[in-house]
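So the structure is just underneath, and the comments pick up after that.
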Amino acid sequence: MTILGLRNTWGVTGRGAALLALSGLALLLAPLVADRYLVSVLTTVLWFAYVGQAWNVMMGFSGLLSLGHALYVGLGAYASAALFIHFGIGPWAGALLAMLVAVAAGCGIGFLGFRFGVKGVHFALLTIAFAEVARVGFDHLQWLGGSGGFFLPVEAGVSDPLNLRGSPTLFYYVILALVLAALAISRLLLHSRLGYQWLAVREDAEAAEAVGVDLFHARMTAVAASSALTALGGVFQAFYFNNLFPEQVFSMGRSIEIILPAIVGGIGTLIGPILGAFILTPLGEGLTFLLEVSGLELPGLKQLFYGVALVVIVVFRPDGVWPWLASRLGLVRASGEGDER
Amino acid sequence: MSDALLTVDNLSKRFRGLKAVSNVTFTVPEGRILALIGPNGAGKTTSFNLIAGVFPPDEGTVTLKGQRLTGLKPNRVCAAGIGRTFQIVKPFGHLTVEENVVVGALARERSVETARRQARALLERLELADQAQRPARSLTLPDRKRLEVARALATRPTLLLLDEVLAGLRPTEVDRMVEVLRDLNRREGLTILMIEHVMRAVMALSDRVVVLDHGEKIADGSPADIVADPRVIESYLGAEEA
Amino acid sequence: MPIDYYLNIAASGLLTGLLYGLAALGLSVIFGVVRVVNFAHGEMMVAGMYGAVLLAGYAGLDPLLSAPIVAAVLFVCGWLLQRGVVNRFVERPEHMQFILLLGVATILVNAMLMLFGPDSRNVAVPYGFDTLELGPLLLDEVRVRAGAAAIVIAAGLFAFFRFTRTGKAIRACADSPLGARVVGLNIDGLYALTFGIGAAVVGAAGALMTLLVDARPQLAPEYTLLSFIIVIVGGLGSLPGALLGGVLIGLSETLAGFLLTPSLKSLFSYAVLILVLLLRPQGLLGKRS
């Protein structure tokens, strides 16, 4: 179980490094061989890998359970779309403002929660409550389309990367870059002074405080980092799908989808959320495909499958698939005699 | 006698009307080891928590080298120079032993590399170096207690608060820990305030002993005086009988 | 007659609130004893609603009569769930329990979606459109019957915990699991029993709810959140608090629905939740830990 510890989140063996590098290369070259459908599936996978990593900063690194992360996705999406539509500000510049909006919201919730001592389950409920408030609120915000939806103009055949308009391949590479950037940032954070303090707070807040960690500062920075990263996922979503509905964007179900990759892959690990997304989304897509082929109409089957996956994972692999797989295949260095399992 | 490093003045704390600590006053001279003893429920750990900033006192002040600590949060108290251990050990379970100590060292160190070097040196010193890469939660109790001490020392305290670090150890392990503490005190001049039940260690280590009973200080003197003090004997015997 | 008008609204909000309170009572019982937050609570409630729909469709049973049957079935399901899965999580970190029950909730709601489809199913009762006149009040008969049944069930639950040996044992277990183990109580058995009781209560609340609302799978997450709001307002683990919270939320929802646009009424509940979380996290009747 040292996998959750610092060293082994990255202490890969030669074989592990080779496998990771190969996977990276395969992803880089994928659009050359993959058809349109496969590219779109991979884009979805990578999107969940990305937001999963962003969520992991809060829960995995700092022990703060957020069940309302759809809020930050939604704020990022709506902010960048509004800037584009109403003010003609492109998504790259808009992304900065979108992140700012999400960080402001995250820090607002964090400030209230931490100053008033809202902990554990209550904190999770607080995050849900704010996401739900946003959902209902945006439903009534006519300036952003209300419940009827907010749309970005779609023009076929335009390639304008500066405004994030273009082919599916463009979007694929953008989200791939985001995933790799999030991985690098997560690793950097985890190995920084702040990262050590986050982990200490996650493990035992009282002991962390006794060795000089400012709990409020550690938790607020974690929320800020996580909400900023998550908001970028929202910007991507807005320009990729070109439509936003509060009912979907801010829904409780979306928040659950965001936490799934990290839980399945391994909370608190660097690779876990990415691996989790690569397990879950293709399985979900496969189910949808099977249903289509067999002509059955079973709405909810995909979600049902996600539910089963969640239960199976927390019952049988509570630390996630990556720690187990990595030690099974010898992808990470063994941790002395410390391995209890 | 050297100057007082820590001054505890007239400290009081009530929980739901119940007096846990009342009007306790004592000083810890620089470079000395002071033991805080007393029967269970005497208010020793509460006093510790008041000094460490876990909760603020109702009355009284805590001063470290002239700096008022009263009302500061634990992390500020740590920054001011007080390191502590917990009676019920609190390791960062999923982190390695080394990482645990690194977190402590980062209290005064910006660079993770430097903090790691300091952590390794401390682990050597507390004979935990061969366990450095194990997850902290896999350690045995004596090792966890030493890890607590190493982590607290890593914050480079001028005063170390030890809450029953010898409890639950075997006699040989007690001797080893006593050696380490004496060494820290003699060689580095570290001032120590310890809560301890193991009287053998109290007698061996401490320069002075403060006795608490029912939240009040009932005696304060050299170890030899304390064991001869009829009030102390009565409080302990009384507690045994009750 | 504006005063009568508001009185009528308040009375109907109060009666609906009693049902909400009954549902939340189940959540509170489980949390108070097993210390696990049942994230699948609304899903269980909607399962209870479908139980009543099926019993009405195939056996022509009135929800008031099907409620005990539904409760019995859900008791068994809750008991099995605790025995089979949740019990292993009692000692695990809070977020793991949360995620586990989130998974259970996802399974339940989608299973219902697949079995019954997304469309509303209703239960028709002969008194469905009757009104009762009580002084200045004109009350829907369904609401009065449902509210009365909720009071009867809640009273039964209070009596169970106060006067029976098993009920007292469960309370002892809630106060101190360790102490209960020391005096030889079967903790795992009591936990399973408690989870079963909680499920039965929310199942009964669901069955009764069909008198007021048509069954739809989409209601499930809403009811889960609603139950959370209620128990947190009333105080997690406090049984009278759950009933009080239910009535308060029922009242405020109905009033907000009339005074503001109906779609904003849930916003009002969330605002109440946020305020209570911040200012009095132990809830109105909860004890500060």
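The numbers here are math on the coordinates, done by the rules we state, and not lab data. Predicted model, so just to flag it, every value in this text is computed and none were measured. Please note: Cβ atoms are built from the backbone with ideal geometry, for glycine as well, and neighbour counts cover all protein chains shown.
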Rg (one decimal) and Dmax (whole number) from the Cα set of the stretch A:266-311, in Å, equal 12.6, 40
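Take peptides A:53-61, B:126-134, C:128-136 and line them up by average Cβ neighbours within 10 Å, highest first, as a rough protection proxy.
A:53-61, B:126-134, C:128-136
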Give me P(r) over the stretch C:134-240, computed from all C-alpha to C-alpha distances, binned every 5 Å, as integer percentages. 2, 10, 15, 19, 18, 14, 10, 6, 3, 1, 1, 0
For the stretch B:12-64, the Cα-Cα pair-distance distribution in 5 Å bins from 0, as whole percents, is 4, 18, 30, 26, 15, 5, 1, 0
Nearest 0.05, what FRET efficiency do C:Glu91 and A:Leu112 give at R0 = 25 Å with Cβ-Cβ as r? 0.25
Just checking the output field for A:113-124: average partner chain Cβ neighbours within 10 Å of each residue's Cβ? 4
For the stretch B:90-156 the mean separation of alpha carbon contacts under 8 Å (6+ apart) over residue count, i.e. relative contact order in percent, is 50 percent
Once you wrap a convex hull around the alpha carbon atoms of the stretch C:48-190, what is its projected area averaged over all directions, in nm²? 12.3 nm²
Hey, could you pull the Cα Rg and Dmax for chain B, both in Å? 17.6, 55
Roughly how many Å is it from the Cα centre of the stretch B:120-194 to that of the stretch A:227-280, as a whole number? 44 Å
Can you pull the mean other chain C-beta count within 10 Å for peptide C:87-95? 3
Over all residues in A:195-201, what is the mean tally of Cβ atoms on other chains that come within 10 Å of each residue's Cβ? 5
Please state the charge dipole magnitude for the stretch B:90-156, taken about the Cα centre, from unit charges on C-beta atoms (+1 on K and R, -1 on D and E), reported in debye and rounded to the nearest 20. 220 debye
Whole-Hz couplings from phi, Karplus 6.51/-1.76/1.60, listed for the stretch C:9-23; x for Gly and Pro: 4, 4, 5, 6, x, 5, 5, 4, x, 4, 5, 4, x, 4, 4
Going toward the positive end of the dipole of the stretch A:244-341, with +1 on Lys and Arg Cβ and -1 on Asp and Glu Cβ, which of A:Val332, A:Val311, A:Phe278 do you reach last? A:Val332
In this structure, the FRET efficiency calculated for C:Leu279 and A:Ile185 from their beta-carbon separation, with R0 = 35 Å, to the nearest 0.05, is 0.45
Among C:Phe39, C:Ile153, C:Cys173, the residue whose Cα sits farthest towards the positive end of the charge dipole of chain C (+1 at Cβ of Lys and Arg, -1 at Cβ of Asp and Glu, taken about the Cα centre) is C:Cys173
To the nearest 20 debye, the stretch A:37-251 has a Cα-centred charge dipole, built from +1 on Lys and Arg Cβ and -1 on Asp and Glu Cβ, of 180 debye
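Let me have the 222 nm mean residue ellipticity of chain C computed from DSSP H runs of 4+ only, each contributing -39500 (n - 2.57), with the sum over all residues rounded to the nearest 500.
Result for chain C, helices only: -25000 deg cm²/dmol.
For a distance above 24 Å, tell me the whole-number percent of Cα pairs in the stretch A:102-216 that qualify.
Roughly 57 percent, once rounded to a whole number.
Taking the Kirkwood radius as the inverse of the mean 1/r across Cα pairs, report the Rg/Rh of chain C.
0.97
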Cα-derived Rg to Rh of the stretch A:37-251, Kirkwood definition: 1.00
Please list the radius of gyration and Dmax for the protein assembly as shown, considering alpha-carbon atoms only, with Å as the unit. 30.2, 96
Flagged as over-length at 26 Å C-alpha distance, from B:Lys44/B:Lys65; B:Lys13/B:Lys65; B:Lys13/B:Lys90; B:Lys65/B:Lys217; A:Lys119/B:Lys44; A:Lys119/B:Lys145, the pairs are A:Lys119/B:Lys44; A:Lys119/B:Lys145
Longest exposed-site-free window of chain A, the sites being GluC sites (Glu not before Pro) in a DSSP loop that have at most 11 other C-beta atoms within 10 Å: A:1-154
How high is the FRET efficiency between A:Leu25 and C:Val213 when r is their beta carbon distance and R₀ equals 56 Å, given to the nearest 0.05? 0.50
Estimated [θ] at 222 nm from DSSP helical runs (n ≥ 4, -39500 (n - 2.57)) normalised by residues in chain A, nearest 500: -23500 deg cm²/dmol
May I have the extent of the alpha carbons of the stretch A:146-295 along their three principal axes, as whole Å values ordered from largest to smallest? 58, 40, 31
Roughly how many whole Å is it from the C-alpha centroid of the stretch B:1-65 to that of the stretch C:79-145? 54 Å
Could you tell me how many cubic angstrom of Cα convex hull volume the stretch B:130-196 has per residue? 97 Å³
Percent of all Cα-Cα pairs per 10 Å bin for the stretch B:90-156, counting from 0 up to the last occupied bin, reads 26, 60, 13, 0
